[in-house]
Amino acid sequence: MSTFNLLYFTGVILLFFFVLILITGKKYRSKSNFYLAGTLLTILLLNLKINEQLNYWLLIETLEFFRLEYLFSPLLFLYVTFTLNEVYSKSFLKLLLIPFVVFSLYHGMVSIADWIQLENFEVVIELIEPLEFYVFLVFNVVIQFVLLKKIKKSSASQDTKKWLMIIVLGLFLVLIFLLISEFGEVFLSLDLWGISKSLISVFSIIISYKGVLALQIEEERRKIKKITRVKIQKESESTQENHRIHKMKLIMESEELFKDAKLTRESFAEKLGISSSSVTRILKEQEQISFTDFVNSYRIELAKKMLKDHRFEIFSLEAIGKEVGFKSRSSFYETFKKQVGVSPGKFKKN
């Protein structure tokens, strides 16, 4: 078995098991992931079908009639819609299914006409067959534009929209791989399947896996927000404390500015109506800390409260870290260990 074939079959097996995980896995079970599983299963079957693996493995030819390339976009449309928690039009969905139904019926009739040797039907085939390629291309490209426009206009978080765009464009690219391979074989007599079929399987699993994990983190963050908006309780400020440091702490606590991963010394100074250099000087004189340590102290304090709260036990440490304001998992772990002395995981267990 060649390297490409080994990579192809490995990718097919991994993609099949990932589809099962999306459908049956408790952590990933949702209506949106169910439609993503359907989209990936369509890609998997289409890949096997074009490679003529279905007849060899399953000893069936029924799927030859069903034009799976027209089922890909409707399923992807449902995935995006449910992920964004938007209501979809059933009439629009029925419209999306028309090409799948029409061309599936057409290919069924072609097979029947060929079986009963109906020569007059060849005229219909000669008219429709050249058009099918363009219908397929236009249909899927238009749906991608509709999906990307829907994602862009959504009120979802930037991270959610970013990963949805990556998944939509990535899976559409997979479909283009299939199209190029079939086109090259039929019209140019080029065998591109050795490379493309391997890329299709591996690329599908990487894009989907990374996307699902990223969106899962965002979903956990949304659930955290719904449970409570915990505010850090600080002791009363000393009457002798400088008014400016008191104001800095008050605005940081009341508006929870530390939760913004993009918070800078300049933007914080603008909130206070003073210069950024004044922020640095005040913190150094009154608290003997830098601006970064000042902000991170609030983030770590909130993280500690959440890690000890049983309501947050089901959420990942990465989701909690991002919710309190850290940009990445590594920065959360490093800062937490520096300030607390142990890792977040160990602190949670103790």
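The values are calculated or read from the model by the stated rules, or taken from the named source; none is laboratory data. Remember, predicted model here, so these are calculated numbers, not experimental data. In this analysis, Cβ positions are derived from the backbone assuming ideal geometry, glycine residues included, and neighbour counts consider all displayed protein chains. Surface accessibility is based on the protein's heavy atoms, side chains included, excluding ligands, DNA and RNA. Shrake-Rupley method; radii C 1.70, N 1.55, O 1.52, S 1.80 Å.
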For this session: Would you mind stating whether Tyr106 is open to solvent by 90 Å² or more (accessible area, probe 1.4 Å), part of a helix (DSSP H, G or I), modelled with pLDDT under 85 and aromatic (Phe, Trp, Tyr)?
Result: no
For this session: Could you look through segment 276-323, keep only residues that are touching a Phe, Trp or Tyr at 6+ places or on another chain (Cβ under 7 Å) and under 18 Å from Ile251 (Cα atoms), and pick out the one that is modelled with the lowest pLDDT?
Result: Glu287
For this session: Determine which member of the set Ser277, Ser267, Ser328, Ser343 is more than 34 Å from the chain's Cα centre (by Cα) and without any contact (Cβ under 8 Å) to a residue 12 or more places away in the chain.
Result: Ser277
Problem set entry | segment 151-201, subset at pLDDT below 75 and of a type in the set (D, E, K, R), residue surrounded by the most Cβ atoms within 10 Å (Cβ to Cβ) | Lys197
Exercise. For segment 254-270, how many residues are surrounded by fewer than 16 Cβ atoms within 10 Å (Cβ to Cβ) and of a type in the set (D, E, K, R)?
Worked result: 5
Exercise. What pairs come up if the first residue lies in segment 86-98 and is aliphatic (A, V, I, L, M), the second is surrounded by 13 or more Cβ atoms within 10 Å (Cβ to Cβ), and their beta carbons are under 6 Å apart, counting only those six or more places apart or on different chains?
Worked result: Leu96/Pro74; Leu97/Pro74
